[in-house]
Amino acid sequence: MTRERFTPDFDPDCGDAALTSARQDVVIGRWQGLRALLRATGPDWAVRGHRVRLLAQACADRSTVETWLAAEPRSADALVLRAATETTRAFKVAIAAGRGVPIEQRRIDSAVSACHAAAEACPQDPTPWVSLVSVARLYPSGVRRRELARWWDELHRRDPYSVEGHLQVLHYYSARWHGTHGVMYDFARDAAGAAPPGCALPVLVQYARVEEYRYALDAARGRTAAVASGEHWSHPGAVADVRRSWQRWIAERGSTPVTPAELRDVHHLAHAACLAGCADIGAALLRLVGRRATRTPWSCTGDPSRQITRWRRELGVEG
């Protein structure tokens, strides 16, 4: 009997079938599916944040969210999605302009205003505050420390263990934006240390390591050979971080399946474990996710499909 060849499944919705259906509605300009999805999601902030983030990417090049707001101008869900969509649009403009090229402040201010409107309409929801902390990176000099602290306090008060919220602050504090490697790692480790057993926040250290690597790649103008990649991923501190994240998070979370909102986080730890030489952890994590895959962070170090397939083969992961 011939064994089926392994192929990673890079579903952009990470296996969230309801989200996939709603994103298809966006393509045809139908907003009712978005309303139904966000209403059904309720106050599960991790799932809501995952869905809003990906819906915003789908809405950024279309007018679906504006059509929804025209029909229901007081819809809190529509306002939350518009805030995330305006944030996504601002980042798309920044990417098109190129690193170091400022974009119009009017566009950033517009996204910030949309975030404040959403926060006012949905006062218990941390999602608008995640968007707000995210868009703060686009100001050429960042925002005033007191202002960022206030926004972060509002987010943290609503969802103290939000991975996405912490991740946006981590990006803000990175050397690629408005901080340094040291500040970024300090933030990640402080958050990891304060997290309860089974919480995913320890993986922030792996996100920080990817961020540092991307900074080095930028400095080397994309020449991977110019970056000491092996040492970056496998020095004793990196190995200790992988084992610490595994112990505090995965070993304590139980045997429940990986949710769509968790998939990117698990792949960050799996990627780090493989490159750090932690074969036991890498194999266990690749078994845990099965065929379900995310392109990041694997895309930072090569072709995602080839890397995942190779590591599964080398670590003896079946299926």
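The Cα center of the range 94-170 and the Cα center of the range 1-46 differ in position by 25 Å.
Annotation: amide H-H contacts under 5 Å for Arg292 (H modelled 1.01 Å from N, sequence separation of 5 or more, or interchain): Asp9. Computed over the range 27-73, the Cα gyration tensor eigenvalues convert (square root of 5λ each) into semi-axes of 18, 13, 8 Å, ordered from largest to smallest. Per-residue Karplus couplings for the range 254-269, computed as 6.51 cos²θ - 1.76 cosθ + 1.60 with θ equal to phi - 60°, are listed in order as x, 9, 5, x, 6, 7, x, 5, 8, 4, 4, 5, 5, 5, 5, 6 Hz, Gly and Pro entered as x.
Just checking the listed ones, Ala22, Ala111, Ala149: in the Gaussian network model of the chain with Cα springs under 10 Å, the one fluctuating most is Ala149. Checking every one of the GluC sites (Glu not before Pro) in the range 22-112 against DSSP loop status and a limit of 11 other Cβ atoms within 10 Å picks out Glu104. Note on the chain: with a GNM built from Cα contacts shorter than 10 Å, the maximum mean-square fluctuation among Ala188, Ala83, Ala94 falls on Ala94.
The fraction of all Cα pairs in the chain landing in successive 10 Å bins from 0 to the largest distance is 6, 25, 34, 26, 8, 1, 0, given as whole percents.
Every number here is computed from the coordinates shown, using simple stated rules; none is lab data. Not measured: the values here are computed from a predicted model. So basically every Cβ, Gly included, is an ideal-geometry build from the backbone, and we count neighbours across all protein chains shown.
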